[in-house]
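What follows draws every value from the coordinates through simple rules; no lab data is involved. Worth saying up front: this structure is predicted, and the values here are computed from it rather than measured. No Cβ is skipped: glycine too gets one built from the backbone with ideal geometry, and neighbour counts run over all protein chains shown.
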Amino acid sequence: MPEPGRRARRKKRYQHPILRALRISIGTLLIVASPAAVLIPGLMGWVMVLLGLSLLSTEWRFARKVVLSMRLRIRAWRRSWRRS
């Protein structure tokens, strides 16, 4: 049982190295390719960035923080949009 006031640490599952490398490379590719997606009609660059960050958030804490921050901003934007 975790101490009160502290978050329980999740045990990291064993991840196959090939799957981990694939997830990291696809996430990085999505983030790197997103500026080019702005120029191509039909593709949205920010969607590609969010998809890439969500893939990377399973591996790196900084990406997890960015994804959480973006979720909070999108929720706040939706609330303000509904009110108007």
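Here the extension length gained between Val38 and Arg71 equals 9.7 nm, from 0.36 nm per residue of separation less the Cα-Cα distance. Neighbours of Ser57 by Cβ distance under 12 Å: Lys/Arg scored +1, Asp/Glu scored -1, total +4.
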